[in-house]
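S.K.: Before I ask anything, let me first share the structure, which is written out below as C-alpha cells.
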Amino acid sequence: MAAVPRDTIPAPERLRLTEIFASLQGEADTVGWPTVFVRLTGCPLRCVYCDTTYSFYGGEWFSIDSVIEQVRALGPRHVCVTGGEPLAQPNALTLMQRLCDAGFRVSLETSGAVDASGVDERVVRVLDVKTPGSGEMHRNVLSNVEAPRPSDLIKFVITSREDYDWSRAFCAQYRLPQQAQVLFSPAFGAVEPRALAEWILEDRLDVRFQLQLHKLLWGEEKGR
C-alpha cells in the first residue's frame, strides 16, 4: 500500500514508518518465529552500536488502518513494533492496542529511554537498558525497570567486561531477575559470545544469554 501525504491523515491516526517486512524474529522470547516487523521512523538516541541508523530520518506517512492492513497481508501472527525508538511517536501506543485487538501477538522493542507505562498490558515490552558502552546510559528512564511487568524482557547489550560488570550490578540493585526475564546479549563484533557466556556461568547469574539470530543468518543484511 502506498504512502499518502501527511496532511491527508488525521493526526491521531498518523504514523511515520521506515519499513514493514516479514522475517524471523532474531531476539527475545519469540526468537525464530516468523514475524512482521513494523519499523517506525525517528530516534532521540545515538547508541554507538546501532545497526538501524537508516531509520533515524525520512520514512513515509501511513494511517494506522493501512499499517494493520499491510501487517495482515504479510501473514505471521507475531508482530514486532520497533525503530528507531517507536515510543517517540505517541500514536505508536494506539497502533499496538489496535494490533492486539486484531488478534496479533505484539512485542515492542524500546530503548528504555522513553516512559513505557502507557503501553497496552497485552504487549510484551522488550526494554533495552543502556550500558556505559552504548554512550547513552544517561538516557535510561529508571521507572521502566523499578516496577517491571512479569511479561517484560529487560535487555542489556554488552560491549565489554566493564559493561558486563555494570549490568550485573544494575540487575542486583533493581532485583531484575526476580521480577522479569533478563537478557544479556554481546554487542555484534565487540564481545566474543563465548566470553560473555563464560562470565555468566562463572557468576551464576540468573539471566538468559542471547545471540542475535538474524545476524548469524544474514550478517548486517536484513532477512526478508
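S.K.: Looking at C80, is it at pLDDT 95 or above, hydrophobic (A, V, I, L, M, F, W, C) and surrounded by 15 or more Cβ atoms within 10 Å (Cβ to Cβ)?
M.R.: Taking the combined requirement at face value, the residue satisfies it.
S.K.: Now for a separate question. Condition first: in a helix (DSSP H, G or I) and either of a type outside the set (G, A, S) or without any contact (Cβ under 8 Å) to a residue 12 or more places away in the chain (or both). Now tell me which residues in region 56-72 satisfy that.
M.R.: Residues satisfying the conditions are I64, D65, V67, I68, E69, Q70, V71, R72.
S.K.: Could you list, in sequence order, the residues of region 1-27 that are out of contact with any Asp or Glu (no Cβ under 8 Å at 6 or more places or on another chain) and of a type in the set (A, V, I, L, M)?
M.R.: The answer is A2, V4, I9, A11, L15, I20, A22, L24.
S.K.: For region 110-224, which helices (runs of 4 or more DSSP H) that fit wholly inside it have 1 or more residues that are within 19 Å of V81 (Cβ to Cβ) and touching a residue at least 12 places away in the same chain (Cβ under 8 Å)?
M.R.: Helices (runs of 4 or more DSSP H) meeting the threshold: 143-146, 213-218.
S.K.: Considering only region 83-106, how many residues are within 16 Å of the chain's Cα centre (by Cα) and among the basic types (K, R)?
M.R.: Total meeting the criteria: 1.
S.K.: Pick from A22, A3: which is part of a strand (DSSP E or B) and surrounded by 14 or more Cβ atoms within 10 Å (Cβ to Cβ)?
M.R.: Matching residue, one of A22, A3: A22.
S.K.: Of everything in region 83-109 that's part of a helix (DSSP H, G or I) and among the small types (G, A, S), which residue is surrounded by the most Cβ atoms within 10 Å (Cβ to Cβ)?
M.R.: This residue is A92.
S.K.: Something else now. Go through region 146-192 and give me each residue that's of a type in the set (A, V, I, L, M) and either within 21 Å of C50 (Cα to Cα) or crowded, with 21+ Cβ neighbours inside 10 Å (or both).
M.R.: L153, I154, V157, I158, L176, V182, L183, A187, A190, V191
The values are calculated or read from the model by the stated rules, or taken from the named source; none is laboratory data. A quick note: this is a predicted structure, and the numbers were derived from the prediction, not measured. Ideal geometry is used to build each Cβ from the backbone, glycine not excepted, and the neighbour counts take in all protein chains shown.
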